[in-house]
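Enquirer: Next up is a structure, given as structure tokens.
The values are calculated or read from the model by the stated rules, or taken from the named source; none is laboratory data. Everything numeric here is computed off the predicted structure, so don't read it as measured data. Ideal geometry is used to build each Cβ from the backbone, glycine not excepted, and the neighbour counts take in all protein chains shown.
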């Protein structure tokens, strides 16, 4: 039971909690408390010290919107945003309840009547915008991975292909999302002429911008991993006369998983950073647009709300990285 719990914690990225399980099982108390202090106690003290310094420094910084918000003000605005979300959800439930009651009454009077269902017209809340940003970065990340993995395998398998594509990769890799965005916007506006499809035009623009900026780490790491596969493995595949597809799926990919996942982790992190700028400029609903709207709003609470968004962006980025680590441990052979 203990071994399974430790394995689950390691796989899920909560290895810092392993000493707690070992303490509960009666292992060396002094040793486990030392590990707990290093893994939990020291980071906790660092966070407390950071919050204290932030609180002290904030009082001495005057901005055009007032005093720089400290931790207490930011926490207060985070709570306000949550209450606004809960209030909108309550209004939405009441709206749909009234709509259902009205439609039921119409059908009782005339069973053949055509009823109309209307979506709740309320504004998107902060939580809604977080969900939108996650959907956008997930879409961009999937598109980037579907492009980068095959090209990376091809480049790693053939030196000639790598030599041919390397100049293009090296030129496009450092291009900023601010440069890609106008091009993507014009292309999507020309090709995707309707806004009534499965996805909003602004959503597609943001997702493709994320893809163009985040595919390179996965592509390069995949190529590097495939190129560095042990030649003995390749020779065994030749002896067994495996087809190119089987050789790739049974030999090459398993051997390159650590480097591939390193590339995927970097790509996801880059995509999450790019997303905020893309949402700001494309005006796609999400955390980027929330930050821009609050900046344009210029109210006394705007700065604190922006800092809530900054902390949220950082926490989500950290959790996405941990998710990739857990996924790597789950599928790897370590």
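Enquirer: Looking only at the range 221-258, which residues are assigned to a loop (DSSP other than H, G, I, E, B) and modelled with pLDDT under 80?
Expert: Hits for the range 221-258 are 230, 240, 241, 242, 243.
Enquirer: Only one of (1) over 17 Å from residue 288 (Cβ atoms); (2) under 27 Å from the mean Cα position of the chain (by Cα) is not met by residue 138, so which one is it?
Expert: With (1) over 17 Å from residue 288 (Cβ atoms); (2) under 27 Å from the mean Cα position of the chain (by Cα) applied to residue 138, the lone miss is (1).
Enquirer: Looking for something in the same structural domain as residue 203 (by TED's automatic domain parsing) and exposed (fewer than 14 other Cβ atoms within 10 Å of the Cβ) - is there at least one such residue anywhere in the range 143-158?
Expert: Checking the range 143-158: at least one residue is in the same structural domain as residue 203 (by TED's automatic domain parsing) and exposed (fewer than 14 other Cβ atoms within 10 Å of the Cβ).
Enquirer: Okay, next question. Just to be sure, is residue 261 at negative phi, assigned by TED's automatic domain parsing to the domain that holds residue 325 and either buried (at least 19 other Cβ atoms within 10 Å of the Cβ) or not in a helix (DSSP H, G or I) (or both)?
Expert: yes
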